[in-house]
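J.: What follows is a structure written as structure tokens; I'll ask about it next.
The values are calculated or read from the model by the stated rules, or taken from the named source; none is laboratory data. A quick note: this is a predicted structure, and the numbers were derived from the prediction, not measured. Here Cβ is always computed from backbone atoms with ideal geometry, including for glycine, and neighbour counts include all displayed protein chains.
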């Protein structure tokens, strides 16, 4: 048998086996990537003795736009920053809201109540048991803030709060999306 004839006969099956091997490896790699545990352990809060009042500079907030008003999260972020709140991030939420919704570990936690007092419009407070005690503010299309929101609230004893990092006040660039811990996730639209 001629060598050229052997090569011509074997070329198609060998090529198919090679492609099948590449496809099999790609499927194996994809399966491994999907099954990797990417979950981060829940960040826990740090019990802090804040005296008789909790001040805004000890509270970490994520500001999320849950309505159709452009730049609502970004503008609210600047107001809260000016009154000492630590803004972890800002962006858009997958969850649409009709009233300002403040979400924390529990609706009666002092950090949730203090953030809720910054708004003059109707405010709903919610708790989802988050361990990090970061407060999410979900903004509807129409809402109003106080010109001078309160910056402290009376407390009795220590308060469990997130450890504030130096980078917490900078926030992402306007093109970044927010990634809150347990509640709303970032939307693809850019209405921040």
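J.: Name the one entry in 123, 135, 97, 155 that is free of Cβ contacts under 8 Å to residues at least 60 places away in the same chain and in contact with a helix residue (DSSP H, G or I) (Cβ under 7 Å, 6 or more places away or on another chain). Talk me through it step by step, then tell me what you get.
T.: Numbers: 135 fails: free of Cβ contacts under 8 Å to residues at least 60 places away in the same chain; 97 fails: in contact with a helix residue (DSSP H, G or I) (Cβ under 7 Å, 6 or more places away or on another chain); 155 fails: free of Cβ contacts under 8 Å to residues at least 60 places away in the same chain.
Selected residue: 123, the only one of 123, 135, 97, 155 that is free of Cβ contacts under 8 Å to residues at least 60 places away in the same chain and in contact with a helix residue (DSSP H, G or I) (Cβ under 7 Å, 6 or more places away or on another chain).
J.: Still on this model: Evaluate segment 67-81: report whether one residue or more is surrounded by 10 or more Cβ atoms within 10 Å (Cβ to Cβ), in the same structural domain as residue 124 (by TED's automatic domain parsing) and without any contact (Cβ under 8 Å) to a residue 12 or more places away in the chain. Let's see the steps before the verdict.
T.: Let us first name the residues in segment 67-81 that are surrounded by 10 or more Cβ atoms within 10 Å (Cβ to Cβ), namely 67-81.
Those still in the list that are in the same structural domain as residue 124 (by TED's automatic domain parsing) too: 67-81.
From the residues that got through so far, the ones that are without any contact (Cβ under 8 Å) to a residue 12 or more places away in the chain too are 75, 78.
Within segment 67-81, one or more residues are surrounded by 10 or more Cβ atoms within 10 Å (Cβ to Cβ), in the same structural domain as residue 124 (by TED's automatic domain parsing) and without any contact (Cβ under 8 Å) to a residue 12 or more places away in the chain.
J.: Okay, next question. What are the residues in segment 84-106 that are farther than 18 Å from residue 162 by Cβ and surrounded by fewer than 21 Cβ atoms within 10 Å (Cβ to Cβ), if any?
T.: 94, 95, 96, 97, 98, 99, listed by residue number.
J.: Just one of the numbered conditions (1) in the same structural domain as residue 153 (by TED's automatic domain parsing); (2) loosely packed, with under 12 Cβ neighbours inside 10 Å is not true of residue 57; which one?
T.: (2)
J.: Something else about it: Which condition from (1) at pLDDT below 90; (2) in the same structural domain as residue 160 (by TED's automatic domain parsing) is the one that residue 1 breaks?
T.: (2)
J.: Residues 190, 147: which one is within 21 Å of the chain's Cα centre (by Cα) and either surrounded by 13 or more Cβ atoms within 10 Å (Cβ to Cβ) or modelled with pLDDT of 50 or more (or both)? Steps first, please.
T.: Details: 147 fails: within 21 Å of the chain's Cα centre (by Cα).
It is 190.
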